Amino acid sequence: MPQSKLDKKVLAKYAECVEEVKRRVQVIQEILAGQIHTKFVMTTAESLALQFRNVLELIVLASLVANKEEYAKRRENFHKEWRVKDIIKQLEEINPKYYPKPYRDKPDGDKEIEDITSGYLTKNEYLILFSECNKMIHADNPFAPRKKNPETFLRFAKNWRKKISLLLNQHRVQLIDTKVEIWVLMQKSTDGNVGVYEFQQVP
C-alpha cells in the first residue's frame, strides 16, 4: 500500500466541512417542504438564500483545506480568508482542478464508477447562485430600479438544491499532485456519516 501523502487532519477538516454542508442542505430541504417556515415569503426566501450561500462558501473552503499547503505559501493569513471570490481566484491559480467532480457507482454492480457529466452545480452555476443569494440576503435600496423577487428565488430553489446534492453526494477532488485525489461520500451506508478517503494512482 502506498504511503499516505496527506496529513490525516486534512481529511478530518474536509469531512467537517462536508458534514456541515449536509446539515445545511437538510435545513434547505425542510424549508422547501414547509417543515420550517417564516410568516412572510420574503423572509422564507432570505432564510433559504442564507443557507445556500453558506453551503457554497463551505464548498470552496473545503477545497481550500484540500489545497492548504500550497495556498498557505501564497497567502500568509490564509486562516483569516473569508471572501469567496478571492479564495476562488487563488485556488484557480494554484490548482485549476480544485472544484469537486461528481461520480456515481455503475449500475451493473461491478464496483466501478463513472463521472456525472450533467445536472450538477457547475462552476459557472456556482457563481450565478452565489450572486443570487447575495441579492436576496441584502435589503433593497428603495431607489433601485429593480427589486429582489422572493417568489422567483423560491421557484428555482428546489432545482438548486438538487444540483448541489448531485455535485456532492459522491465526489472527488483532484489535488495539486495529480496522482492524489480526495474521494468523498456524503453518507456512508454503514453509519450515515461523511466518508473522506485519500486515493493515489499506483504503477
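The values are calculated or read from the model by the stated rules, or taken from the named source; none is laboratory data. Keep in mind that what you see is a predicted model, and the values were worked out from it rather than measured. Cβ placement follows ideal geometry from the backbone for every residue including glycine, while neighbour counts extend to all protein chains displayed. The accessibility values were calculated without ligands, DNA or RNA, using every heavy atom of the protein model including side chains. Shrake-Rupley method; radii C 1.70, N 1.55, O 1.52, S 1.80 Å.
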For the chain, size of Cβ-based charge dipole, Lys and Arg +1, Asp and Glu -1, in debye: 560
The chain - mean residue ellipticity at 222 nm from DSSP helices (-39,500 (n - 2.57) per run, n ≥ 4, rounded to 500): -17000 deg cm²/dmol
Listed residue (119, 44, 18) projecting farthest to the positive dipole end of the chain, Cβ model: 44
Loop-located GluC sites (Glu not before Pro) in the stretch 111-203, at most 15 other Cβ atoms within 10 Å (DSSP): 112
Difference of contour (0.36 nm per residue) and Cα-Cα distance, residue 112 to residue 54: 17.6 nm
The stretch 87-160 - accessible surface per residue (Å², probe 1.4 Å): 66
Among 142, 150, 100: highest mean-square fluctuation, GNM of the chain, C-alpha pairs under 10 Å: 142
Positive dipole terminus of the chain, leading residue within 185, 159, 6 (C-beta point charges): 159
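Working from the alpha-carbon coordinates of the chain, get Rg over Rh, Rh being the Kirkwood radius.
Numbers: Rg = 18.3 Å, Rh = 18.3 Å.
Result for the chain is an Rg/Rh of 1.00.
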Spin-label pair residue 38/residue 26, simplified geometry with 7 Å Cα→Cβ offset, distance in nm: 2.3
In order through the stretch 135-144: 3J(HN,Hα) via Karplus (6.51 cos²θ - 1.76 cosθ + 1.60), integer Hz, x for Gly, Pro: 4, 6, 6, 7, 5, 5, 6, x, 9, 5
The chain: angle of helix 41-66 to the longest principal axis, Cα-based, in degrees nearest 10: 20
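What value in Å³ per residue do you get for the convex hull of the alpha-carbon atoms in the stretch 1-75?
Numbers: hull volume 7.4 nm³, N = 75.
Output value, Cα hull per residue: 99 Å³.
If DNA, RNA and ligands are ignored and the probe is 1.4 Å, what is the ranking of 138, 37, 171 by accessible area, most exposed first?
On the way: 138 105, 37 135, 171 0 Å².
Descending order: 37, 138, 171.
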Using θ = phi - 60° and Karplus 6.51 cos²θ - 1.76 cosθ + 1.60, couplings along the stretch 158-173 (whole Hz; Gly, Pro as x): 4, 5, 4, 4, 4, 5, 5, 4, 5, 5, 9, 3, 9, 8, 10, 10
